Each structure stands twice: as structure tokens, then as C-alpha cells.
1. Neighbour counts of other C-beta atoms within 10 Å: give me VAL170, VAL156, VAL74 arranged from fewest to most.
2. May I ask you to evaluate 6.51 cos²θ - 1.76 cosθ + 1.60, the Karplus curve with θ = phi - 60°, for each residue of the range 268-284 and list the ³J(HN,Hα) values in order in whole Hz, giving x for glycine and proline?
3. Just add up the charged neighbours of SER57: K/R +1, D/E -1, any other residue whose Cβ is under 13 Å from the Cβ of SER57.
Amino acid sequence: MKTLLVSLILFVFFAPPVLSQDAGVQSENWIYVPFSLTVLDTNNTFSSLLEGTQIFSIYGYTIPGTIYGGGWSVLTTWRKRFEDYPVIPDTFAVDLRVNAQTNLLDARIGIAMQDSFYYGSDISQPFVFNGEWQTLKFETSLFKSFLNNFIKFYFVFLLVSEDSCYIGTVVEVDNFRGIDDTLGVIMYDDFDYPSLVTIIEQNLTDFVLEQNYPNPFNPSTTIRFTVPERERVSLVVFNFLGQEMQTLVSEERGIGTYEVSFDASEFPSGVYFYKLQAGSYVETKKMVFLK
């Protein structure tokens, strides 16, 4: 593993770039940084925003030897420029899933930052190919020894095959964020507003179901809830007999605070309950509909 990490760092930051005309693989704000030792399929290697997530499509032909213990691999690096941010958080985190893969034996993601120099992380996180969301975290203690801030941030994807072949995968990324004991959660890119850097309230560590408003209501009301980590969320309205009346949410949600409207115009006046369930978290609140 140590050999892999050192090689990854050296390869990313000292391999010579290819000619500029090959640098056309780019996206909204996340740009591919080309290297001459990587043989990519530029028709199928790209990055784009899709429904609030970032898609990194990475395909190419493996090269031998220089990384991963002499195996066969493809390396891609994607960069985004940020305004000079003064604090490096204690931890970087990102949600990720792999939607498709070709001849993929192993895959890893590394990170790097730049102020006036490049620094590579000594952490290269493996990710799995089961199509499920996973959260990867990178501790930053080594970065803080050299950097006070960063202007450019890099995701480094390493794809490994068993032998010489065409290799690739599609990686979906969401909620690139920092986690800091002092600042709380810093959302660098939620991929809804890719140029925005925001500090989320520090107590965004728990699921929260708020009281609906207005309450009592006629005929519609708003329900607000907070999700501190990616989870499948269910929000259901019941009548006072416990009968399910309407499902407002039934899907996976990323980090954030959400508002959902409930329209009771087709229901009779009375007391209703709404229940939020996400993983092991369950909470129910009461609301009153008055015509």
C-alpha cells in the first residue's frame, strides 16, 4: 500500500502534461488534468452535472508498471478552482457510487490540494462497485503541516485491471464537504450550485423533523426535515386511526435540509400525523387540518 501511495503522488504531480489540444475533457468547474502517461478514450472520458450530482466517466487503455505494484492501470485527475479558502478542515468527505464498470479489478480515489505548490495525500481510498452510495473520508493532518489554505482541489481516480486491456468506469459524486471541529460542516460542492462554498450550521450531525407550518393549516402545509448523511428517507402522513394517507418522500437523500408540501384538500378535517424514517431514526409529529 505504501508503494502505491508514494507512486500515486509522484505520478500525479511530476508526470508531464500532454499537449493542450488533448485537454478538451472538461466539465462545469471540474476539469480533467491530462498526463502523457495516461492513454484515455477522450470520447468516453468526461465530467458533467446530472440531477445534482457530478458524473466522472473514465475510460482508456491501461499502461504497465509505474503504479500499483507493476500492474496495469489508468489514472485520471480532475481539478476545480476555489476562491482562496483560509482554513483546511480536519476531514474531507465525499459521497460516491460506481454505476458501471469495464474490466475493473480495483479502483481508488486520492485527493490533493494546491496553493503555490502541489501536495499529495498519503491516503488512497478504495471504493466498491456495487452501485450503492458510499462515503469516503480523508484526514488532513499531513496537509496542515504544509498548507494554510488551498486554491485548487484535485480528485485522483486510479483504475486497475489484471492485464493490458480497455478499462473504465462511471463514478457519480455528491456532497464534497469538509468536517471540522470548529467550523462544523463546510459544503465545498453539493453539485447543485457548483461555484458555491457554504458553511452549514454546526449542529448538522443529527436527523431533525420540524413542526409543520402553518399549523393548523388549510388546505396545505410545509414539512421541513434535515438529513446529516446520505440515507434512504421515508416521510408518510397518517390519519388518527394510523391509516397511511399519503407518502410524501420515499427515496435516497443527500446531506441537507428539505421542505415538502402536503395538500390535504381531498381529506376531511382532523388530526393527522407525519412520520420521518431514515435508517434507525424515526420521529412522528402531529398536525391539524381545519377547513
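1. VAL170, VAL156, VAL74
2. x, 4, x, 8, 10, 10, 10, 10, 9, 10, 8, x, 8, 7, 9, 8, 10
3. -2
Where a number appears in this text, it was derived from the coordinates with a stated rule and is not lab data. Quick caveat, the model's predicted, so the values are computed rather than measured. Neighbour counts run over all protein chains shown; Cβ positions are idealised from the backbone, glycine included.
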